Amino acid sequence: MGNSTTETEFLLLGSPDGWKLSFLSFMVFLLTYLSTLLGNLLIVTLTSADQNLHKHMYFFLRNLSILVMCFISFNVLNAFVNSLTGNRAISVADCATQILVIFCACDYLQFLTIMAWDHYVMICQTVYYSITMNPQLYVCMTLPSLTIGLVYAGVHTGNTF
């Protein structure tokens, strides 16, 4: 019989003590969350609704905004619930999910790299831009980026736990 210990939850340190401070931090995070969510929702809505914005650059901008909304929604909503309930513990599954979401941020960096390459082609190779950059290429760059990001996040989350 080996010596083993099983953890079922982690304690969160650094949360404010007292109701007033918890409520203040909740309000600050709520305003930040809502402004970020509304700004990204506005970008997605405008780039989807306006036919003039169905260009290459806006395709990646729309996907980047959707990715940011997903990132901020999970982590900040958990912080809201913990702040209002006074709960300073997080389950192992919630911790693993947060690590997975954080490591999915490599998708964000990959999208920024693709956008930079798109701008490079548009500025430096203007003559070949319409030939080089086509909708099929965007899908071929976006899907592997998302897949690689999920695999990367899954490997790191699996190694952590």
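The values are calculated or read from the model by the stated rules, or taken from the named source; none is laboratory data. Quantities reported herein were computed from a predicted structural model and do not represent experimental measurements. Here Cβ is always computed from backbone atoms with ideal geometry, including for glycine, and neighbour counts include all displayed protein chains.
Structure values in brief
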read-out	value
Any hit, segment 80-96, residues being in a helix (DSSP H, G or I), touching a Leu at 6+ places or on another chain (Cβ under 9 Å) and not hydroxyl-bearing (Ser, Thr, Tyr)	yes
Boolean, residue 132 is modelled with pLDDT of 80 or more and hydroxyl-bearing (Ser, Thr, Tyr)	no
Residue match in segment 97-110 (condition: in a helix (DSSP H, G or I), more than 14 Å from the chain's Cα centre (by Cα) and without any contact (Cβ under 8 Å) to a residue 24 or more places away in the chain)	no
Flag for residue 147 being modelled with pLDDT under 80 and farther than 22 Å from residue 34 by Cβ	no
